[in-house]
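One structure is given below, encoded as structure tokens.
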Amino acid sequence: MLINDNFLLENKYSEELYHDYSKNLPIIDYHNHLSPRHMAENKIFGNITNVWINGDHYKWRAMRTLGINEKFITGNASDKDKFLNWAKTVPYTMRNPLYHWTHLELARYFDVYDLLNEKSAESIWEITQEKLSSNEYSCRQLLKKVNAEVICTTEDPTDDLQYHQQLAESDLSIKISTAFRPDKAILISAENYKGYLEALGEVSGVEINSFSSLCEALRNRIQFFHDNGCRLSDHGLNQIYFESYTENETNVIFKKHLSGGILSNNEVLKFQSAVLVYLSETYHEFGWVQQFHLGALRNNNARMHRILGPDTGWDSIGDYPQAEKLSAFLNALDTKDKLTKTILYNLNPADNEVMATMIGNFNDGSIKGKVQWGSGWWFLDQKDGMTKQLNTLSNMGLISCFIGMLTDSRSFLSFPRHEYFRRLLCNLLGDEIQRGELPKEEIQWIGKIVQDISYYNAKAYFNF
């Protein structure tokens, strides 16, 4: 049986660390893209396609690679036919993390331990459909099944947070929070930026006609999010922008764009730098954590992006330079003592050592692990990627201060990725005890480090 008690645990020390110290700890998922509406309305999904395949571009990419027609992926095929085509794909995903995730998720949510393939697909469809049609498998119950304690979604500044407000007034024991994601306010050269400013101005009560009024609108929305319990921001950027600018330059650039002028690349970078610095200084004022997801090359396939839109599986790793501008940005904030708690995520594994050493430049002793290098993200949240991240952080920083795993997912069945991470962590440390590289007589201390990384460091860091 693939999924068993000691899956991925290769010796008795790994097993002890996982089962005695990590397995039963709650989950703090501090960054994901789950639907707050689904949680507020306690959605019942009805079948496994609705909760598991729809919206999951990891699965979609695998199915397309196998040659499955788009009709059975994002098209108008029935939910059952989409599931049957995913089941057909699964045996071909061996050595891709999807193979492990698929079977972990079937086991943890549905007590299904059979391997998913064309032969087993019909019976697994029936088992999961019956369960997912019941109240016991509603959206909130799925979160409770994995011992989730905190769930943090991601919303645009223009969001009215209606569903978060409903959740705050509900009797749900799991804390549901959000992160402020202002990318659309930063990226001035993006299509329909002016239209976005109109929407932002409307919800903030500010007529946005200058850089200062843009900052006022963003601050109003930060205050609104803060009043509704938000304590995090998040940014998905190619790289950190940091070009020198003056207030006058920024206003000239902004008004030039509003009047229909074409901005030079340097003007775009100056403006984006100014917005980013303003936001970060404001996060510091409000005591928020800021997150930066860096390095994705998005929407590569123009034809399919035109047909299906963004976030449908046409993104990849970019090779942008990161170190110099990131250092200058963090240093500018730190110089004014306005660098808030910060988490950096890289998508290009070539930047691992850059991130691991960069955080050490700005951990000033004021807070444990003030600047963090986040867990393996997107294409790197798999066995090899997470292990490399753990090893690099160990070699160049203090893994004991690490705040651990998150899902960054749109799926309510993705939370066994925390278990996957914890098993890899315990096996990594258990293997070194077995080899005599860590002292077996200190296994209780090593167990404490495992507990901190699995749960307690994040609990203290975010102070939810």
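The values are calculated or read from the model by the stated rules, or taken from the named source; none is laboratory data. Just so it is clear, the model here is predicted, and its values are computed rather than measured. Don't worry about glycine lacking a Cβ; one is built from the backbone with ideal geometry, like all the others, and counts go over all protein chains shown.
Points to keep in mind about this one:
For every residue, the table says whether it meets (1) more than 30 Å from residue 267 (Cβ to Cβ); (2) under 20 Å from the mean Cα position of the chain (by Cα); (3) modelled with pLDDT of 95 or more; (4) buried (at least 20 other Cβ atoms within 10 Å of the Cβ).
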site	(1), (2), (3), (4)
150	yes, yes, yes, no
162	yes, no, yes, no
165	yes, no, yes, no
172	yes, no, yes, no
175	yes, yes, yes, no
179	no, yes, yes, yes
189	no, no, no, no
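- Flag for residue 252 being of a type in the set (A, V, I, L, M), surrounded by fewer than 18 Cβ atoms within 10 Å (Cβ to Cβ), modelled with pLDDT of 95 or more and not assigned by TED's automatic domain parsing to the domain that holds residue 57: yes
- Pair list, Cβ under 7 Å, 6 or more apart: the range 353-382 residue surrounded by fewer than 21 Cβ atoms within 10 Å (Cβ to Cβ), other residue in a helix (DSSP H, G or I) and charged (D, E, K, R): 362/334
This table checks each residue for (1) closer than 28 Å to residue 49 by Cβ; (2) touching a Gly at 6+ places or on another chain (Cβ under 9 Å); (3) part of a loop (DSSP other than H, G, I, E, B); (4) not assigned by TED's automatic domain parsing to the domain that holds residue 96.
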| residue | (1), (2), (3), (4) |
| --- | --- |
| 356 | no, yes, no, yes |
| 360 | no, yes, no, yes |
| 379 | yes, yes, no, yes |
| 391 | no, no, no, yes |
| 409 | yes, no, yes, yes |
| 417 | yes, no, no, yes |
| 427 | no, no, no, yes |
| 433 | no, no, no, yes |
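- Some residue of the range 344-351 being of a type in the set (A, V, I, L, M, F, W, C) and assigned to a loop (DSSP other than H, G, I, E, B): yes
- Residue check, residue 242 surrounded by 18 or more Cβ atoms within 10 Å (Cβ to Cβ) and part of a loop (DSSP other than H, G, I, E, B): yes
- Residue satisfying all of: in the range 323-339; more than 24 Å from the chain's Cα centre (by Cα) and of a type in the set (Gly, Ala, Ser); farthest from residue 294 (Cα to Cα) among these: 332
- Test: residue in the range 30-53 that is among the hydroxyl-bearing types (Ser, Thr, Tyr), closer than 28 Å to residue 169 by Cα and either outside the structural domain of residue 288 (by TED's automatic domain parsing) or surrounded by fewer than 21 Cβ atoms within 10 Å (Cβ to Cβ) (or both): yes
- Residue in the range 59-72 that is touching a Phe, Trp or Tyr at 6+ places or on another chain (Cβ under 6 Å), farther than 30 Å from residue 24 by Cβ and crowded, with 20+ Cβ neighbours inside 10 Å present: no
- Residue match in the range 209-220 (condition: loosely packed, with under 15 Cβ neighbours inside 10 Å and under 30 Å from residue 141 (Cβ atoms)): no
- Hits in the range 174-195 - residues which are of a type outside the set (D, E, K, R) and out of contact with any strand residue (DSSP E or B) (no Cβ under 9 Å at 6 or more places or on another chain): 185, 188, 189, 190, 192, 193, 195
A quick yes/no check of all residues on (1) within 21 Å of residue 246 (Cβ to Cβ); (2) assigned by TED's automatic domain parsing to the domain that holds residue 227; (3) surrounded by 17 or more Cβ atoms within 10 Å (Cβ to Cβ); (4) without any contact (Cβ under 8 Å) to a residue 60 or more places away in the chain:
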| position | (1), (2), (3), (4) |
| --- | --- |
| 270 | yes, yes, yes, yes |
| 277 | yes, yes, yes, yes |
| 284 | no, yes, yes, yes |
| 297 | no, yes, no, yes |
| 322 | no, yes, yes, no |
| 326 | no, yes, yes, no |
| 339 | no, yes, yes, yes |
| 342 | no, yes, yes, yes |
| 351 | no, yes, yes, yes |
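- When residues in the range 153-196 are screened for being basic (Lys, Arg), outside any strand (DSSP E or B) and over 14 Å from residue 275 (Cα atoms), 1 of them pass.
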